[in-house]
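Structure, as structure tokens:
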Amino acid sequence: MTVNQATHTKTQGRFPKSHRLLRHSDFERVYKQGRRHFAAHMTVFYLRRSDSELNGPRVGFTVSKALGGAVQRNRIRRRLREGVRLGDFSTDVAVDVVINPKRSALAADFNDLQSEVKKAFQVIEKDFQKGKPK
């Protein structure tokens, strides 16, 4: 196995850092200026980015301490991240997305979470095609 093959195998299937929302200021901007989509197990906040250096969505997750201890919160975060990763959303819209799960996400079936994430991204893409959001 060559070095490139080994590197590809390690990174294959990962959620790339370039598609993650990382800075606190970015989260705050999405919360304050963005739009919302409500679903049974989550609320999704989204806002178009002005910089077009990266096309496609950047996704962040916020899991409140009210949902449980660190183990439960990390489990929810991992499940949602995997739902986004498997969704392979090929939108070219530069958008920041913050997914905020509800308590019901703890017991939700993974397929339900994945379908809600997919539906949220469809709503976001539809909104931007209409030209509604900022």
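The values are calculated or read from the model by the stated rules, or taken from the named source; none is laboratory data. These numbers come from a predicted model, not from an experiment. When we count neighbours, we look across all protein chains shown, and the Cβ atoms used for this are built from the backbone with ideal geometry, even at glycine.
Here are a few things to note about the model shown:
- 2 or more residues touching a Phe, Trp or Tyr at 6+ places or on another chain (Cβ under 9 Å) and farther than 16 Å from Pro16 by Cβ: qualifying strands (runs of 3 or more DSSP E) within segment 32-134: 35-38, 42-48, 95-101
- Segment 51-63, subset without any contact (Cβ under 8 Å) to a residue 40 or more places away in the chain and out of contact with any helix residue (DSSP H, G or I) (no Cβ under 8 Å at 6 or more places or on another chain), residue surrounded by the fewest Cβ atoms within 10 Å (Cβ to Cβ): Glu53
- For segment 36-63, a tally of residues being among the charged types (D, E, K, R) and at pLDDT 95 or above returns 1.
- Some residue of segment 20-28 being in contact with a strand residue (DSSP E or B) (Cβ under 9 Å, 6 or more places away or on another chain), surrounded by 15 or more Cβ atoms within 10 Å (Cβ to Cβ) and either part of a helix (DSSP H, G or I) or without any contact (Cβ under 8 Å) to a residue 12 or more places away in the chain (or both): yes
- Here Ala70 clears all of (1) modelled with pLDDT of 95 or more; (2) in contact with a helix residue (DSSP H, G or I) (Cβ under 9 Å, 6 or more places away or on another chain) except the condition numbered (2).
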